[in-house]
1. Based on the Cβ-Cβ distance from residue 166 to residue 334, what FRET efficiency comes out when R0 is 45 Å, to the nearest 0.05?
2. Take the Cβ-Cβ distance between residue 256 and residue 159 as r, set R0 to 35 Å, and report the resulting FRET efficiency rounded to the nearest 0.05.
3. Does the chain classify as rounded, prolate or oblate by the C-alpha gyration tensor (a ≥ b ≥ c root eigenvalues; a/c under 1.5 gives rounded; else a/b over b/c gives prolate, otherwise oblate)?
4. Rank these for me by crowding, 118, 351, going from fewest to most other beta carbons within 10 Å.
5. So if the hydrodynamic radius of the stretch 413-510 is defined as the Kirkwood radius over C-alpha pairs, what does Stokes-Einstein give as its diffusion coefficient at 10 °C and 1.306 mPa s, in µm² per second?
6. Given the stretch 427-526, what count of lysine pairs have C-alpha atoms under 20 Å apart, with each pair 8 or more places apart or on different chains?
7. On a full-extension model of 0.36 nm per residue, what is the gain between residue 415 and residue 517, subtracting their alpha-carbon distance, rounded to one decimal in nm?
8. Would you count, across the stretch 104-203, every pair of lysines whose alpha carbons are under 28 angstrom apart, provided the pair is eight or more residues apart or spans two chains?
Amino acid sequence: MEHRKEVIKILPHIIEKSAKLYPRKDAFRFGDRAVSFKALHDKTNQLAQHLIESGIKKGDRVGVYMNRCLETAIAIYGIMKAGSAYVPLDAMVPHERTLFLLQDCGIEFLVTTPQQTKRVRKLLERNSPLKQIIGISEPVALPSFSWDAIFEIDISTYQPIEISEKDLAYIMYTSGSTGAPKGIMHSHSSGLAYAKLSAALYEVGSEDRVANHAPLHFDISTFGYFSAPLRGATTIIISDAHTKLPASLIQLMAKEKLSIWYSVPLALIQLHQSGLLPNYDLSPLRWVIFGGEVFTVKYLRELMLQWPHARFSNSYGPAEINQCTFYHLKNIPKGDSTVPIGHVWGNNTYKILDSEDCEVSQGTAGELVVNTATMMMGYWNNEILTGQSVYTELSASDVSQDYYRTGDLVRQNAAGELLFLGRNDRQVKIRGYRIEMDEVEAVLSRHKEVKEATVCAVENSNGEKQLLSAVIINPRSQIDANGLLRYCRSRLPVYAIPSKIYILDDFPRTGSGKIDLTGIKQKLIAI
């Protein structure tokens, strides 16, 4: 009982506390491998000591360059224990994008795995700020240390450094409207506030087995990496292979006796469409949480009928504020009306504003702005964008209160629930990933043969969003749509690559000469 009174102030305290309460219990599992809370505490101390002895300073950024694996948990907590901030880097995106993030964030230390050795070598062939690689065994052009070497470090005299709740804990990059990714900075305070609120909301307990379906660079992953260990639950990291094979994933769900699932709706739809769910015992599953995009109601209804023993909850919140609303489904939805995003949680407050920043009347649509302890510190190295993302309200006593501008249009229904209506800009979510269509257009426009480019999002016959692009190319150019798609694949993450690119002679225009976005969308759908 003594340990339960300990105050958790920063994210590494999560592992320290659970290592005392549940030392031999699995903290994370990946395939047939597992790491206990006590072993995780020791291994993260070893990594932290190595980083400190290598010259890492408080506030430095360290890249985590891995696919889904057990080492991700060791990496992020070891980095944070060293007083630095972890920066997840998607190992599947083009090298050019990774190099941009390394340079933008000034990343000198990269934590990776032997499976990424070839990609690391490719990165080192280019101009990067990297000075040391951790996690590979083969020699590369920089000093490198294997995981075996890290785990041999003597920590008998290890002393944790002082870390404040306000210190930077991690940076997650997302698509940016300027054509370059933007880094979302979270402090220990905002990350821990999310962990505590979500663990309480979904009643996470030490006996739970939580599925972590999201990759580390996707903000949903913080539930498995922060919220679950906070309560002593075991996080099951789903492998990349399992996410692509619904049959194998369902087998894993049954084998691991998963009790809490959190993912984007598409993953759940794929499980349902496999037709294999009735063949396995998934009775331990008690919570199904989904978020990141709208869940097509017909699929949600069918899944709820298949899992009557589980509770379903819609989670909403941009990565800048982690999560801010929830909607627990009490009944199976009828008709085709979109499921509400529900109510704000914890001590969050919100407003719905019109274009003049005035509060709208009940039932009127407007932009959702949220004040919450889970709010980001700002965008990395971008004070202008940070300022634009905040709505500040002054009280009668001149005390200011900051709200994050979500950019999402909502309205409140008669029951007081928030309904999501869409975006007020050109951002779209596909498979849970935020995509700025301006960024995709900017990449296409940089091609020397492209005169003008535009991108739109449409729904296919299954109700899933996909990107379509139209371009105007230079006269007598030999480039074709396949060539432009190859160009995109070398510069954009896979989820941001248009499904099709159409080469047109001209675009529909408005009276002022601007591209008629509605007209271009209708034209592409008709082709």
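No value in this document is a laboratory result; all are computed from the given coordinates. The structure presented is a predicted model; accordingly, all values stated were derived computationally and were not measured. Positions of Cβ are backbone-derived with ideal geometry, glycine not excepted, and every protein chain shown enters the neighbour counts.
1. Details: r = 47 Å, r/R0 = 1.04.
My answer for the efficiency is 0.45.
2. Working: r = 37 Å, r/R0 = 1.05.
The value I calculate is 0.40.
3. Numbers: a/c = 1.44, a/b = 1.21, b/c = 1.19.
Here the chain falls in the rounded category.
4. Details: 118 9, 351 17.
The order, fewest Cβ neighbours first, is 118, 351.
5. On the way: Rh = 14.8 Å.
Answer from the Stokes-Einstein relation: 107 µm²/s.
6. So the count works out to 14.
7. Details: separation 102, 0.36 × 102 = 36.72 nm, distance 3.50 nm.
Net length gain for the segment: 33.2 nm.
8. Qualifying lysine pairs in the stretch 104-203: 9.
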